[in-house]
1. According to the Cα gyration tensor, what semi-axes, each the square root of 5 times an eigenvalue, does the equivalent ellipsoid of the range 106-157 have, listed from largest to smallest in whole Å?
2. Pairwise over distinct Cα atoms, reciprocal of the mean inverse distance: report the Kirkwood radius of the range 1-87 in Å, one decimal place.
3. Which aspartates and glutamates, on any chain, are close to LYS52 with Cα under 13 Å apart, when same-chain ones fewer than 8 places away are left out?
4. Hey, for a label at VAL107 modelled as a point 7 Å past Cα toward Cβ, could you say which residues of the range 27-41 have their backbone N under 18 Å away?
5. Using the basic label-point model (7 angstrom from Cα toward the beta carbon), what is the LYS14 to LEU36 distance in nanometres?
6. For n ≥ 4 DSSP H runs only, could you compute -39500 (n - 2.57) per run for the chain, divide by its residues and tell me the 222 nm figure to the nearest 500?
7. Longest exposed-loop-site-free stretch of the chain, with trypsin sites (Lys or Arg not before Pro), DSSP loop and at most 15 other Cβ within 10 Å?
8. Using label points projected 7 Å from each Cα along Cα→Cβ, tell me how many nm separate ASP5 and GLN84, to one decimal.
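Read the figures in this text as sums done on the coordinates, not as results from a lab. Since the model is a prediction, treat every value here as computed from it, not as a measurement. All Cβ positions, even for glycine, are placed from backbone atoms using ideal geometry, and neighbour counts span all protein chains on display.
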Amino acid sequence: MGLFDFFKRDKGKKLFQENAAAEAKAQAIRQEIARLGLPGNITVAVEGSRVKVGGSVPDEATRRKLMVITGNVQGIDSVDDQMQPQQPAPAAQGGAAPTAPSAPPRVHTVESGDSLSKIAKQYYGDPNQYPKIFQANTPMIKDPDEIYPGQVLLIPD
């Protein structure tokens, strides 16, 4: 939990007009989350170019996806993550569940010329591992060939 910077206000999915009221921006983000079908009882508030997301989500994977969804919005450059996963993150070696807040997700900002295969080769040394990245970013991306510069993708461990 905490603040996650995206540094790309002019990139991302256009969900609202820049001059829209904060509540209208928050409502547009909530509608996008609902459209993508992600579960959870979350709250969304927009303050300038920052979105604050709170409430409870089923698990860590959903929390990370919600962070990326809300950050990949045009006009938003940071996400204040206040979400609480109902299921703890997977246990560390030794079988004990971590007690500290989870680390920020590993992400990749797409650049011109990137493909999921190229990104997989960069992080895993094997371009054929691209389905891992695709799965981690579903439902935000529906086709592995449709990513765009400036988009932030989750990179699973």
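1. One finds semi-axes of 14, 12, 10 Å for the range 106-157.
2. In the range 1-87 this quantity evaluates to 12.6 Å.
3. Hits, sequence-local ones excluded: ASP5, GLU23, ASP77, ASP80, ASP81.
4. 29-30, 32-33
5. Computed distance between label sites LYS14 and LEU36 equals 2.0 nm.
6. Calculated at 222 nm, the ellipticity per residue is -8000 deg cm²/dmol.
7. Longest stretch, sites excluded: 15-105.
8. In this crude label model, ASP5 to GLN84 measures out at 2.9 nm.
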